[in-house]
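The values are calculated or read from the model by the stated rules, or taken from the named source; none is laboratory data. In this text the structure is predicted, and so the values were computed from the model without any measurement. We place every Cβ from the backbone using ideal geometry, glycine too, and count neighbours over all the protein chains shown.
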Amino acid sequence: MVGFLIVIGVFALSLLFGGLFTVRQQTSAIIERFGKFKKISPAGLNFKIPFIDRIVGRLSLRVQQLDVRVETKTKDNVFVFVVVSVQYHVLSNKVVDAFYRLQNPQEQITAFVFDTVRARVPNTNLDELFQMKDDIANAVKVELDQVMDDFGYGILKALVTDIDPDAKVKVSMNEINAAQRLRVAAVEQAEADKIRVVKAAEAEAESKALQGQGIANQRKAIIGGLRESVEDFSSSINGATPQDVMNLVMMTQYFDTIKDIGNASKTNTILIPHSPAGMTDLSEQIRNSMITAHEATKDTSKTT
């Protein structure tokens with residue numbers, strides 16, 4: 001009798017513990033009875049009838065991500081790989097639909113991503129594609145929202161995470177970009193050279209103007225000084241004529257010039273035989289030239 005009771009107790013305990021089970025957080029368990037859906041067991045400790053009820057599946061309610069790599073062609077006939085990341089989750093109020101209506105939700109999502117991307121990218125040039133990636137991602141999300149909700153799945157976000165053209169195309173794009181930057185740099189360099197040339201010309205013109213003004217002022221000062229010297233010399237020495245004074249001044253300048261040439265360490269000046277006495281003839285030649293030029297100017301004015 002005692003043995004029979006022990007067997008009954010063991011059997012009862014096995015039935016009790018065989019009916020208890022736990023479900024993890026953010027997970028739902030699907031319970032069937034004789035092959036027919038019975039209930040959804042939430043997270044925590046749950047009970048099922050042993051040998052009658054059974055757990056046929058568990059669905060995670062966490063957000064999952066599926067990366068889909070799509071090969072397609074742009075409007076300008078460039079083949080690219082577009083990577084779309086779809087973040088989705090099972091709707092807590094549609095767990096039964098999510099478990100029974102779709103055999104493979106990842107394949108369903110992948111098919112709709114391929115369809116949407118290949119419908120939009122061929123209408124866009126490669127350069128515009130990088131700017132329109134958000135539009136493509138939004139189109140994928142809208143398309144999936146309309147379809148996957150009926151199957152118990154919610155689409156949280158769709159992201160275009162990568163646009164990868166062929167390696168040769170990327171090299172060509174980099175070369176085009178480099179050429180454009182070099183062209184801009186050349187234009188800027190030419191403008192800078194132009195500014196430098198213009199500024200240098202302006203500086204040279206201003207320098208020559210100032211130099212001419214300085215020479216004019218210098219000549220005025222020399223003439224004034226010579227005039228004062230002639231007047232002082234004539235008043236101090238009786239019988240001295242202005243011609244004598246000019247000869248003396250030119251003689252002084254002559255010796256100053258010879259002295260400056262001699263002090264120069266490097267010079268290519270060649271001195272021909274001459275005598276200081278020739279300064280009188282040189283003075284007369286200069287004076288006659290000035291008189292001739294003055295008379296020629298007067299004749300030209302009369303003719304006009």
When restricted to Val82, Val95, the only residue under 30 Å from Val169 (Cβ atoms) and surrounded by 15 or more Cβ atoms within 10 Å (Cβ to Cβ) is Val82
Within the range 27-50, can you find the residues that are loosely packed, with under 15 Cβ neighbours inside 10 Å, of a type outside the set (Lys, Arg) and either in contact (Cβ under 8 Å) with a residue 12 or more places away in the chain or within 21 Å of Leu91 (Cβ to Cβ) (or both)? Phe34, Phe37, Pro42, Ala43, Gly44, Leu45, Phe47, Ile49, Pro50
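Yes/no per residue for (1) within 30 Å of Asp97 (Cβ to Cβ); (2) touching a residue at least 12 places away in the same chain (Cβ under 8 Å); (3) not aromatic (Phe, Trp, Tyr):
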| position | (1), (2), (3) |
| --- | --- |
| Leu126 | no, yes, yes |
| Phe130 | no, yes, no |
| Asp145 | yes, no, yes |
| Leu156 | yes, yes, yes |
| Ser172 | no, no, yes |
| Ala178 | no, no, yes |
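Table: residues versus (1) touching a Lys or Arg at 6+ places or on another chain (Cβ under 7 Å); (2) basic (Lys, Arg); (3) closer than 21 Å to Val90 by Cα.
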| position | (1), (2), (3) |
| --- | --- |
| Gln131 | no, no, no |
| Asp135 | no, no, no |
| Gln146 | no, no, yes |
| Val160 | yes, no, no |
| Asp164 | no, no, no |
| Lys168 | no, yes, no |
| Glu175 | no, no, no |
| Ala179 | no, no, no |
Residue among Val70, Val56 that is closer than 23 Å to Glu143 by Cβ, surrounded by 13 or more Cβ atoms within 10 Å (Cβ to Cβ), at pLDDT 90 or above and hydrophobic (A, V, I, L, M, F, W, C): Val70
Failed condition for Arg196, given (1) within 30 Å of Phe79 (Cβ to Cβ); (2) outside the structural domain of Asp76 (by TED's automatic domain parsing); (3) among the basic types (Lys, Arg), with all others met? (1)
Let me confirm something: among Ser85, Ser92, which residue is among the small types (Gly, Ala, Ser) and within 23 Å of Asn138 (Cα to Cα)? Ser85
The range 26-59, residues that are β-branched (Val, Ile, Thr) and either assigned to a strand (DSSP E or B) or in the same structural domain as Leu91 (by TED's automatic domain parsing) (or both): Thr27, Ile30, Ile31, Ile40, Ile55, Val56
Within the range 98-135, restricting to residues that are within 38 Å of the chain's Cα centre (by Cα) and among the polar types (S, T, N, Q), the one that is nearest to Val169 (Cα to Cα) is Asn125
For Asp150, all conditions in the list (1) surrounded by fewer than 14 Cβ atoms within 10 Å (Cβ to Cβ); (2) under 33 Å from the mean Cα position of the chain (by Cα); (3) assigned to a helix (DSSP H, G or I) hold save one; what is the number of the exception? (2)
What pairs come up if the first residue lies in the range 210-229 and is among the hydroxyl-bearing types (Ser, Thr, Tyr), the second is at pLDDT below 75, and their beta carbons are under 7 Å apart, counting only those six or more places apart or on different chains? Ser229/Val245; Ser229/Val249
Can you go through Gln106, Gln87 and tell me which one is closer than 30 Å to Gly35 by Cβ and surrounded by fewer than 17 Cβ atoms within 10 Å (Cβ to Cβ)? Gln106
